[in-house]
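Each remark here refers to the structure printed beneath this line.
Read-outs: derived from the displayed coordinates by stated rules, not from any lab. Predicted, not measured: the structure shown is a model, and the values here were computed from it. Cβ: placed from backbone, ideal geometry, glycine included. Neighbour counts: every protein chain shown.
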Amino acid sequence: MKVKSLIITIVLAALVIGCGAGDKVPAYKSAAAGKLTEIKLPPITEKTLANGLKIIAVEKHELPVVSLRLMVKAGSTQDPLGKAGLAGMTAGLLTKGTSSRSATEIAEEIDFIGASLNSGSDWDACNVSYSGLKKHFDTGLELFTDVILNPAFQAAEIDRLRKQRISSYISSKDDPESLVNEHFHRLLYGNHPFGFNSEGTDQTLPKINRPEIVDFYKNYFAPNNAVLVVSGDIVPEEMFTILEGKFGGWQQKEVVFPEIVSPEPVKGYKILLVNRPDAPQSQVAMGHLGIDRANPEFFNINLMNYTLGGGGFASRLMKKVRSEMGLTYGIDSNFSSRKLAGPFSITTFTKNESVGAAIKETFNQMRLIEKENIKVEELADAKSYMNGSYPMRFETPGQVAGQLLNVELYNLGADYIAAYRDKVQAVTVEQVKAAADKYLDPDNMVIVVVGKKDAVIEQLKEFGEVEVMEIQ
Amino acid sequence: MKRFYLPLILAVLVCFAFIQAQDSTKVSIPAEFASWDVQQHELANGMKILTLEDHSAPVVSFQMWTHTGSRNERPGITGISHLFEHMMFKGSKKFGAEEHANIVQRNGGNLNAFTTEDITVYFENIVPDKLELIISLEAERLANLNISDSTLASEREVVKEERRYRVENDNFGMVYEQLHSTAYTAHPYQWSVVGWMSDLDAITVEDCREYHRIHYAPNNVTVVIVGDFNTAEALKLMEKYYGKISAQETPAPVSTVEPPQNGERVSYVKKQAQMPLLLAGYHVPDFKADDYYILQVLQKILSDGRSSRLYKKLVYEEQVALYAGGGLTDTENPGLFYLYMGVNPGGEMDKSKKMLFAEIDRFAKEEVSDKELQKARNQLEADLIMGMQSNMRKGMNLGDYQVRGGDYKLLFAAAEKYQKVTKEDIMRVAKEYMNEDNRTVVILVPEKEM
């Protein structure tokens, strides 16, 4: 785990700042101009089996590693009301026993070859992923196939996983970030699937039974509703033959998706303060409904959000609230675009005494980007970051697989990767302003704060009526 | 993946990866890396450079490693290494505050920095034709950093927020800090990398300037470049931009040695919480000791994967813990073999604790099985290879051995040593280090009402 933990070390230990300080140094400015680096994709080959399973092979021979990832195009969004966590339980149980192997046997076999085999759910998909050394591929593939095609969903394993997830849910209340997110989504989405913790809660998990899990699996796990990527040190034609042998007999079927009613947008400010009497710092989440992935203004919105708060070191929120005011270590804005409209959210944390100031400045920045065109240089910076860094999203086989699956999941089109940078380049400051106008709404927001009530409440009352909740 | 959240947090606070061997001359490079052409270079001012070309993707990872971290601090200025890392983004002679980061992003690069007990690292990942820009920017802030009262004032507040976020408002962070402040009585590892709040308030501009002069001198810095670039050209650029920076005196060595622990230390944190936590640590030798490799193999058997002893017993079979595991702090001076456990809310800490320590005691009482030993070796082999999938990770692994161990080849020596560990070795180190008298235990006791 040492090497794996390294990246996490770096990501979490992030300690950098950024701001859009003008262009005092023309030499450095001009460095951004010029020809863009070519996107260098490894050889990619596709084949669709007779049962509809699309297989994509990504060839990369630098290291003797082979990875497999199956994406099933249904996820927590398909959890029925009151059953939050169903997709997560179904996916999680795949590796917990098959018709011929117990959970322990699967764990023993995978660990013995030093590989990883994991399964889980996302809002729009369930994923099963395997990664291991080439010399152990036969064992890995056998297990990968078995957990996908023959899961047992044994009662004892259902109970065990349910208990773990309830425990995990309850203990997540110790984490201010989890707590603020849970309440933010609940207030924003109500009974819509996005209003619930995707892994389930202590209320919903006890109500999920075996027939529902089996049904979820039967309804959505179909070759015609899935994409399989094999990547690494492989020969594509050989792989297609081997994988067809494993998955060719998987039965095609009609997959039916339920209708989901759209949530009502929030009116005015809906403010919740979750009291943690011993908190030295407040966690803040605020926002409103955002966009779906098919939104035609996706690129305009993305560039706008980069300048507002998505661009890390270069964003206005980071520049103001962190670098200039010193109120936080991190602030970020995000449009979570899913098949259905996900949230627009701004999250930060600051000492209890400065919660009001941080929120106020955030609103200022939202209003400013709605009111005035961003500077031509700001847009140029956002574009040159997005386009300049784009080739780096395809460095490792895992990254390439992730990008290709994203194109598949959201039907972005075969030319998406090739056309990406032209689409970024075409966005104008007027389009950015129009996107801010249409998709930001600083007057109608959900605001959730997890912090010390006595120190925070008066600051929040400045924005409107405050509902207070004690942690149970 | 929530289950793995604690071990990952540990990895953050802790130093990372690998260990060094003492004898680097007889290293055989594993076949997977036989084609790697790692080269070592040195400028006249003492700056070391490590290069590895890899043209498979149009990406270069540039990493500037300074051999300084919280172990180089003293009471009164704890946290200065990390605070200083922040100050490196606050402007130089040529550039204003945050301009360095802004220029890198404008050119399509990703950048960041991190500080551990032993090192501070600044890195950029960027497309190949921007390498000169990056070298010029990094050399500029190394040579001409501008530390002012106003930038220190605002950044001090940012770092205090970071401390609240990582330690004071995070149950695990609090317990982790307390483990170190209890297990260590003399050595600088007793304070956390982020430092004590009162010291963060007290550090002055002069402290920062002096810290920069000594610890950020070229003779204390190693640059690692991995990816799609030409070595000869890069070396010319390194000479052009870094060559003129003057060397300084060698930083004072860390001479304090932690005295032996002669009895268990137990400490409690009471906090509003749902989940009782336990963190324990045993003093173990430094990363150059032969026993360290053996402890790493033991760690794999104890807690890597769902078939590991702790997961199987405490999480799967007995279901007393939501998670349980162990690891090594991987520090340059003697570190800790730590254990962590999150007890299911409503569960009994005492019962879970007994089960946890019973699993540890087993290593001293009975030999591990042949299968477990082979599994651990296979896992360590796979970790090494699968941990090299990007230029950044290659650079981080090589750089860590180079900077903390003095020779990147020790990365491969470690791989060889793991394969030689025996069942008897494991039993011996378990007896020697993983005993009650050498143990510090910190328990978070949930208080529902405050």
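Can you sort A:Lys375, A:Lys452 so the residue with the fewest Cβ neighbours within 10 Å comes first? Write down the numbers at each step before the final one.
Numbers: A:Lys375 14, A:Lys452 21.
By the 10 Å Cβ count, ascending: A:Lys375, A:Lys452.
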For the pair A:Ser262 and A:Lys218, the simple spin-label estimate (label points 7 Å beyond Cα toward Cβ) gives in nm 3.4 nm
Using alpha carbon positions and the Kirkwood radius, the Rg to Rh ratio of the range A:44-247 is 1.00
Mean separation of Cα contacts under 8 Å (at least 6 apart) over the residue count of the range A:269-470, i.e. the relative contact order in percent, is 43 percent
Projected convex hull area of the range B:318-450, Cα atoms, direction-averaged, in nm², equals 11.4 nm²
Using alpha-carbon positions, the gyration tensor of the range B:36-242 gives root eigenvalues a ≥ b ≥ c; with a/c under 1.5 called rounded, otherwise prolate if a/b exceeds b/c, else oblate, the class is prolate
One would report the Cα pair-distance distribution of the range B:313-382, bin width 10 Å, in %, as 17, 37, 37, 9
Restricting to Cα pairs under 8 Å and 6 or more apart, the percent relative contact order of chain A works out to 22 percent
Summing +1 per Lys or Arg and -1 per Asp or Glu among the other residues with Cβ less than 11 Å from B:Ala44's Cβ gives -1
Averaged over the residues of A:384-397, the number of partner chain Cβ atoms within 10 Å of each residue's own Cβ comes to 6
The alpha-carbon pair-distance distribution computed for the range A:178-271, with 10 angstrom bins and whole-percent values, is 12, 26, 26, 21, 13, 2
Projecting the Cα atoms of A:Ser178, A:Val227, A:Gly88 onto the charge dipole of chain A, where Lys and Arg contribute +1 and Asp and Glu -1 at Cβ, the residue farthest towards the positive end is A:Ser178
With N residues in chain A, Rg(alpha-carbon) / (2.2 N^0.38 Å) equals 1.04
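In deg cm²/dmol, rounded to 500, what helix-only [θ] at 222 nm does chain B give when every DSSP H run of at least 4 residues adds -39500 (n - 2.57) and the total is split over its residues?
-12000 deg cm²/dmol
Kirkwood Rh, the range A:123-167, all Cα pairs: how many Å? Let's see the in-between values first.
On the way: mean 1/r = 0.0780 Å⁻¹.
Radius from the Kirkwood sum: 12.8 Å.
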Expected max-MSF residue from B:Phe357, B:Phe62, B:Phe412 in the GNM of chain B (alpha carbon, under 10 Å) is B:Phe357
Averaged over the residues of A:351-363, the number of partner chain Cβ atoms within 10 Å of each residue's own Cβ comes to 1
Here the Cα Rg-to-2.2 N^0.38 Å ratio for the range A:318-432 is 1.31
Of B:Asp330, B:Asp207, B:Asp407, the most mobile residue in a GNM of chain B (C-alpha springs, cutoff 10 Å) is B:Asp207
The percentage of Cα-Cα pairs in the range A:32-157 separated by more than 20 Å is 55 percent
dims of the range B:399-450, Cα set, principal axes, largest to smallest, nearest Å -> 54, 32, 17
Summed over the other residues with a beta carbon less than 14 angstrom from that of A:Pro211, with K and R at +1 and D and E at -1, the charge totals +2
For the protein assembly as shown, the Debye formula with one identical point scatterer on each Cα and no solvent gives log10 I(q)/I(0) at q = 0.07 Å⁻¹ as -0.56
All alpha-carbon distances of chain B, grouped into 20 Å bins from 0, give the whole-percent distribution 24, 55, 21, 0
Computed on Cα atoms only, the convex hull of the range A:269-470 has an orientation-averaged projected area in nm² of 12.2 nm²
The answer for the net charge of residues other than B:Val158 whose Cβ lies under 13 angstrom from its Cβ, with Lys and Arg +1 and Asp and Glu -1, is +3
In whole µm²/s, the translational diffusion coefficient that Stokes-Einstein assigns to the range A:269-367, given a Kirkwood hydrodynamic radius over C-alpha pairs, 20 °C and 1.002 mPa s, equals 151 µm²/s
In cubic angstrom per residue, the convex hull of the range B:178-316 built on its Cα atoms measures 250 Å³
Per residue of B:72-83, other chain Cβ atoms within 10 Å number on average 0
Rounded to the nearest 5, the percent of DSSP beta bridges in the protein assembly as shown running antiparallel is 75 percent
With label points set 7 Å from each Cα along the Cα-to-Cβ direction at B:Val205 and A:Arg367, the distance between them in nm comes to 3.5 nm
Exposure-ranked with fewest Cβ neighbours within 10 Å first, B:Arg163, B:Arg309, B:Arg428 stand as B:Arg428, B:Arg309, B:Arg163
Ranked from fewest to most other Cβ atoms within 10 Å of their own Cβ, A:Glu109, B:Glu332 fall in the order A:Glu109, B:Glu332
Taking the reciprocal of mean 1/r across every pair of different Cα atoms in the range B:139-178, the Kirkwood radius in Å is 12.0 Å
